[in-house]
Amino acid sequence: MPAEWETHSATWLTWPRRDGISFPEKFEPVPAYWVKMCELLSPSEEVHINYFDEQHLAEITGHLQHSSVAPLLGKRIHLHHFPAREPWCRDHGPIFVVRESAPALAVVDWRYNAWGGKYPPFDQDDEVPVHVSRLLDLPLFQPQMVLEGGSIEVNGHGCLLTTTSCLLHPNRNPNLSQEQIEGFLKDYLGVSKILWIGDGIQGDDTDGHVDDITRFVNSTTIVTCIEDDPADPNFQPLMDNYEKLLQMTDTAGDHFRVCTLPMPHPIYHGEQRLPASYANFYIGNEVVIVPVFEDPNDGEALLTLRELFPGRKVVGVDSRDLVWGLGAFHCVTQQQPQVR
């Protein structure tokens, strides 16, 4: 599995549905985020969008035709009737791997159960990788293991980073041991070393996806979130993860460079804490799309990421409405690598 910063041919999105459950009573501001992603990504890579039905298609087309990307519809922005109920394409979408034999690209279709069966029905979402493999005429591999794309990070050089709180949770693969799960990851993603950290952040309904807390930014550098307030429940878990990362080594036995990102101040919707995090950024070919929250720490987070991605434009997008869905830009994107 190539690293996210390696060249893409496209990004895959699943457009949110008004009838979906991800943005209850607050859907109106949500489609603008998908328009924004199209605007930011389409200059340097194609964008593929999954839609649910003809009514959904009409809504999406209306939004895009009233945006700056209208001339790119059907040229660099493509719409596909691959129905999924919710928009979290990182988790239900295809995971692409490259191969030495032809064709050079393949799709891995992990089982998807909506984060441990929390939000049924999810059978249509689970079928999206099959549709994509047929569209692109690519080989399809189907390991019989539940896995969401947001639960793993790869550096493109043999290492995979994940959390025990998610991958070892009994609501995913209760019949598999840690050793067996590592075997699946190595066999189907072409990695050789699994790096385990602990818990995720408050408000994260995925049981602790790694893409909300800790990310590779190149093959030897990791950026991880730190909470400064000792009274915040995120303080100790994030510090524990940071200390684990400092001890980790790559496949050559060298320690990683570990950089830190601040956390925004807690954000609530009513009494519900939301999983707001600067780590849920998406790396496009020329741009890094970063969730920001009108928070005093926004500037520090953007400065850190601009230093870590000197060859890309780092764009902060106010995500206070997006994170009400309990995710941000990395959660709703899935990269398709470019192969020669």
- [ ] Output the residue which, of all residues in region 266-311 that are polar (S, T, N, Q) and in contact (Cβ under 8 Å) with a residue 60 or more places away in the chain, is farthest from ILE213 (Cα to Cα).
- [x] ASN285
- [ ] Exactly one condition in (1) outside any strand (DSSP E or B); (2) under 21 Å from the mean Cα position of the chain (by Cα); (3) within 24 Å of LYS313 (Cβ to Cβ) is not met by ARG17; state its number.
- [x] (3)
Task: Tally of residues being of a type outside the set (Val, Ile, Thr), in a strand (DSSP E or B) and out of contact with any Leu (no Cβ under 9 Å at 6 or more places or on another chain) across region 128-165 - done: 2
Task: Top-ranked residue of region 282-307 - restricted to ones that are more than 18 Å from GLU227 (Cβ to Cβ) and touching a His at 6+ places or on another chain (Cβ under 9 Å), ranked as surrounded by the fewest Cβ atoms within 10 Å (Cβ to Cβ) - done: ASN285
- [ ] Examine region 98-110 for a residue that is in contact with an Asp or Glu (Cβ under 6 Å, 6 or more places away or on another chain), modelled with pLDDT of 95 or more and not in a loop (DSSP other than H, G, I, E, B), and state whether such a residue exists.
- [x] no
Task: Among residues of region 212-252, those that are acidic (Asp, Glu), crowded, with 16+ Cβ neighbours inside 10 Å and touching a helix residue (DSSP H, G or I) at 6+ places or on another chain (Cβ under 8 Å), counted - done: 2
Open item on the list: Could you check region 324-340 and list, in sequence order, the residues that are crowded, with 23+ Cβ neighbours inside 10 Å and not polar (S, T, N, Q)?
Closed with: GLY325, GLY327, ALA328, PHE329, HIS330, CYS331, VAL332
Task: Subset of region 262-311 [aliphatic (A, V, I, L, M) and farther than 18 Å from TYR242 by Cβ] - done: ILE267, LEU274, ALA276, ILE283, VAL287, VAL288, ILE289, VAL290, VAL292, LEU302, LEU303
Task: Test result for ALA32, of a type in the set (Gly, Ala, Ser), buried (at least 22 other Cβ atoms within 10 Å of the Cβ) and under 19 Å from the mean Cα position of the chain (by Cα) - done: no
Task: Condition check for VAL314: in contact (Cβ under 8 Å) with a residue 24 or more places away in the chain, surrounded by fewer than 23 Cβ atoms within 10 Å (Cβ to Cβ) and part of a strand (DSSP E or B) - done: yes
Task: Residue in region 41-51 that is part of a helix (DSSP H, G or I) and out of contact with any Leu (no Cβ under 6 Å at 6 or more places or on another chain) present - done: yes
Open item on the list: Quick check on GLU182: is it among the charged types (D, E, K, R), more than 17 Å from the chain's Cα centre (by Cα) and within 30 Å of GLY270 (Cβ to Cβ)?
Closed with: no
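Yes/no per residue for (1) within 21 Å of GLY325 (Cα to Cα); (2) modelled with pLDDT of 95 or more; (3) touching a strand residue (DSSP E or B) at 6+ places or on another chain (Cβ under 7 Å):
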| position | (1), (2), (3) |
| --- | --- |
| GLY149 | yes, yes, yes |
| LEU160 | no, yes, yes |
| CYS166 | yes, yes, no |
| PRO170 | no, yes, no |
| VAL191 | no, yes, yes |
| GLN202 | yes, yes, yes |
| THR206 | yes, yes, no |
| PHE216 | no, yes, yes |
- [ ] Could you check, for region 180-193, whether at least one of its residues is crowded, with 16+ Cβ neighbours inside 10 Å and in a strand (DSSP E or B)?
- [x] yes
Task: In region 76-88, the residues that are under 21 Å from GLU45 (Cα atoms) and either aliphatic (A, V, I, L, M) or touching an Asp or Glu at 6+ places or on another chain (Cβ under 9 Å) (or both) - done: ARG76, ILE77, HIS78, LEU79, HIS81, PHE82, TRP88
Task: Contacts under 6 angstrom Cβ, first residue in region 135-159 being among the β-branched types (Val, Ile, Thr), partner at pLDDT 95 or above and surrounded by fewer than 18 Cβ atoms within 10 Å (Cβ to Cβ), 6 or more apart - done: VAL146/ARG111
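The values are calculated or read from the model by the stated rules, or taken from the named source; none is laboratory data. Everything quoted here is computed from the prediction, not taken from an experiment. Ideal geometry is used to build each Cβ from the backbone, glycine not excepted, and the neighbour counts take in all protein chains shown.
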